Amino acid sequence: MNAPRDNAALTVPIRCAVEDLPRYKPGKSAPGAVKMSSNEMPDGPSTKVVQAMTKALESVNRYPDLTATPVRQAVAERFDVAPEQVCVGTGSSALLVAALNVVCEPGTRVVYPWRSFESYPIAIPSVHGVGVPIPLLADGAHDLEALVASANEDNVGALILCSPNNPTGPALTFEQVHDVVERVNPHVLILVDEAYIDFVTDPCVSTAIPLISEHSNVLVMRTFSKVHALAGIRIGYAIGHEDLIGAIQAVSIPFGVSTVAQAGALASLAEAEEIHAQAKRIAAERDRMIAELRDAGFEVPDSQANFFFLPGAGNEVVDACAAAGLIVRPFADGVRVSVATPDMNDEFLKVTRPLAGC
């Protein structure tokens, strides 16, 4: 048997677009530290959900349901759509790639807000598309006029909206999304990423799912990773026109969503009241933290998610938090903080209040 050649050069040519892809950087963690960097829920799923997933382990010698039919049916009932309008994947990131794959030819342009979810500029070139990032407004919100104008240019296959926007936090109202849909060429896929919509408290903000019945180019993506506290089992779903959903399923990995993930999602969907209560608690903590930080002198954009953003904050905040055992997420233009438990949130406020203006 030949010894491994650790220093041998790769002889397989890598596609140039893949070589140039930015690498996704997950939120850091450290032993014993409190992780406030990845927008995860601070507490795990309920006992019933864990029991359902544990029970599912007994049948892992069998393939899971090919298209996660029980989950699709449960989601369809929740949102009053047909099961054929729902597809399930290994998190919304996988569904993003699949959805873009069905509309992108080589060179097709995809318009998206920036800064936003880091998977967007990775997913687009991976399916031979060309990303068109549109800078956010000063308050961290989407520049809708610029997004619509770019989406109506030639050779555009998709427009991505992220509401609430990750990492800045502002959300689009239903009327804003509706207006965008009405003004964009109906041949352009409008992909609405609603990963954090369960934490919304603004009554003007609601899901774009009702738009699908009249606009076949609207696709809404959601995930079980956030409010459902199931980030570790990788499951999300998309809702859209049944022909679009069929195409997305055609390019998705067969049996991609595990039996355990399907069981966890089903059990969590059955706990609607408990999930809603969790979201309310997180939203209340978010609003409390933002108010206290603003009082201390920080500029914090309005957030409708389970995190908030500190524009202009840098190493002073990151290092001070790390010294206190708190891990936050730095970006080139600020720091994102995920809402944790009340005592950890208090510790964060204690550490960062003196740093306002640094």
In the range 1-38, which residue that is assigned to a loop (DSSP other than H, G, I, E, B), modelled with pLDDT of 75 or more and more than 30 Å from Phe309 (Cα to Cα) is least open to solvent (accessible area, probe 1.4 Å)?
-> Ala8
Open to solvent by less than 40 Å² (accessible area, probe 1.4 Å) and under 30 Å from Arg23 (Cβ atoms), is that true of Ser126?
-> no
Please tell me if Gln262 is touching a residue at least 40 places away in the same chain (Cβ under 8 Å), touching a helix residue (DSSP H, G or I) at 6+ places or on another chain (Cβ under 7 Å) and part of a helix (DSSP H, G or I).
-> yes
Residues of the range 225-239 being assigned to a loop (DSSP other than H, G, I, E, B) and within 16 Å of Thr69 (Cα to Cα), which ones?
-> Ile235
Given the conditions (1) in a helix (DSSP H, G or I); (2) open to solvent by 50 Å² or more (accessible area, probe 1.4 Å), every one holds for Ala74 apart from (2)
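Yes/no matrix, rows are residues, columns are (1) closer than 20 Å to Ala76 by Cα; (2) buried (at least 20 other Cβ atoms within 10 Å of the Cβ); (3) under 20 Å from the mean Cα position of the chain (by Cα); (4) not hydroxyl-bearing (Ser, Thr, Tyr):
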{"position": "Val218", "(1), (2), (3), (4)": "yes, yes, yes, yes"}
{"position": "Lys226", "(1), (2), (3), (4)": "yes, yes, yes, yes"}
{"position": "Gly232", "(1), (2), (3), (4)": "no, no, yes, yes"}
{"position": "Ala238", "(1), (2), (3), (4)": "yes, yes, yes, yes"}
{"position": "Glu242", "(1), (2), (3), (4)": "yes, no, no, yes"}
{"position": "Gly246", "(1), (2), (3), (4)": "yes, no, no, yes"}
{"position": "His276", "(1), (2), (3), (4)": "yes, no, yes, yes"}
{"position": "Ala291", "(1), (2), (3), (4)": "no, no, no, yes"}
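How many of the residues in the range 76-117 are closer than 28 Å to Glu145 by Cα and at pLDDT below 95?
Qualifying residue count for the region: 2.
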When both residues are 6+ apart or on different chains and their Cβ atoms are under 6 Å apart, which pairs have a first residue that lies in the range 218-230 and is touching a residue at least 40 places away in the same chain (Cβ under 8 Å), and a second that is open to solvent by 10 Å² or more (accessible area, probe 1.4 Å) and not in a loop (DSSP other than H, G, I, E, B)?
-> Met221/Ser92; Arg222/Tyr237; Thr223/Ser92; Ser225/Ala231; Val227/Asp198; Val227/Ile275
Which one of these does Phe174 not meet: (1) aromatic (Phe, Trp, Tyr); (2) within 20 Å of Pro70 (Cβ to Cβ); (3) open to solvent by 10 Å² or more (accessible area, probe 1.4 Å)?
-> (2)
Within the range 293-306, the residues that are under 15 Å from Lys350 (Cβ atoms) and open to solvent by less than 30 Å² (accessible area, probe 1.4 Å) are Leu293, Phe298
Got at least one residue in the range 253-269 being buried (at least 20 other Cβ atoms within 10 Å of the Cβ), more than 18 Å from Ala340 (Cβ to Cβ), in contact with a strand residue (DSSP E or B) (Cβ under 6 Å, 6 or more places away or on another chain) and not hydroxyl-bearing (Ser, Thr, Tyr)?
-> yes
Set Met53, Met41: member being assigned to a loop (DSSP other than H, G, I, E, B), at pLDDT 95 or above and among the hydrophobic types (A, V, I, L, M, F, W, C) = Met41
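Search the range 299-339 for residues being over 27 Å from Gly32 (Cβ atoms) and in contact with an Asp or Glu (Cβ under 9 Å, 6 or more places away or on another chain), and hand back the single one that is modelled with the lowest pLDDT.
By that ranking, first place goes to Gly312.
The values are calculated or read from the model by the stated rules, or taken from the named source; none is laboratory data. Because the structure is a prediction, the values reported are computed rather than measured. Note that we place each Cβ from the backbone using ideal geometry, even for glycine, and neighbour counts take in every protein chain shown. Each accessible area value is taken on the protein alone, full model and side chains, heavy atoms only, with ligands, DNA and RNA left out. Shrake-Rupley method; radii C 1.70, N 1.55, O 1.52, S 1.80 Å.
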